[in-house]
């Protein structure tokens, strides 16, 4: 494992070093020490790296991630895994607002709580939150899945498209066009896989969750094109 001291060498040098690893090297395991809440740590990665951040970070940690696995042994500021394409981001602590915003793929795991607007405008990402999520989460969420083992705040799924929302706890209120939906066998199967990948299968069972989705009243939905949503 390669160790990078962020306090000694700086953020620009860290991200430059990681960006130069294009998959042709065996130096794929990295440990970042002394992050001290720095912003934009490990952004824009595009290689099968395994990066561990030893401490809490500022905003946009692991933003635009592609292929890499980024583990944060602490909490994260706003916009963690923003616009992630693939790979995984695993946060041991809490996440500030708009975690996983606009994410198009990959897996975001938050083992603490997530603040407001978690999963806003998500476009294919899978998000598993072990704790609670704040208000306006999944606003305009287009596709992908979010699993919440705790509670959800006000206006969950406001102006939702075709993302699937699974909540085990209570929902303070549902946003415009978001309704509770039936849990069918395929949803239990999907949820079991998400809980396992999200390192939460020992904490909850699929049967404990409710599913929420779009009532399809705010946009033009055509059942013949359902697979495209």
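The values are calculated or read from the model by the stated rules, or taken from the named source; none is laboratory data. Because the structure is predicted, anything quoted here is derived from the model rather than measured. Neighbour counts run over all protein chains shown; Cβ positions are idealised from the backbone, glycine included.
Before moving on, here are some points about what is shown:
Yes/no matrix, rows are residues, columns are (1) farther than 21 Å from residue 187 by Cβ; (2) at pLDDT 95 or above; (3) crowded, with 24+ Cβ neighbours inside 10 Å:
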residue: 84; (1), (2), (3): yes, yes, yes
residue: 102; (1), (2), (3): yes, yes, no
residue: 121; (1), (2), (3): yes, yes, no
residue: 146; (1), (2), (3): no, yes, yes
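- Selection over the range 104-121 of residues that are within 9 Å of the chain's Cα centre (by Cα) and closer than 12 Å to residue 138 by Cβ gives a count of 2.
- The criterion of at least 1 residues that are within 24 Å of residue 3 (Cα to Cα) is met by the following strands (runs of 3 or more DSSP E) wholly inside the range 45-159: 50-54, 69-72, 88-91, 107-110.
- Annotation: residue 131 fulfils all but one of (1) touching a strand residue (DSSP E or B) at 6+ places or on another chain (Cβ under 6 Å); (2) surrounded by fewer than 24 Cβ atoms within 10 Å (Cβ to Cβ); the unmet one is (1).
Residues checked against (1) surrounded by 15 or more Cβ atoms within 10 Å (Cβ to Cβ); (2) at pLDDT 95 or above:
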| position | (1), (2) |
| --- | --- |
| 9 | no, yes |
| 20 | no, no |
| 28 | yes, no |
| 33 | yes, yes |
| 38 | yes, yes |
| 56 | yes, yes |
| 61 | yes, yes |
| 64 | yes, yes |
| 67 | yes, yes |
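- Criterion: surrounded by 13 or more Cβ atoms within 10 Å (Cβ to Cβ) and in contact (Cβ under 8 Å) with a residue 40 or more places away in the chain - qualifying residue of 192, 204, 215: 204
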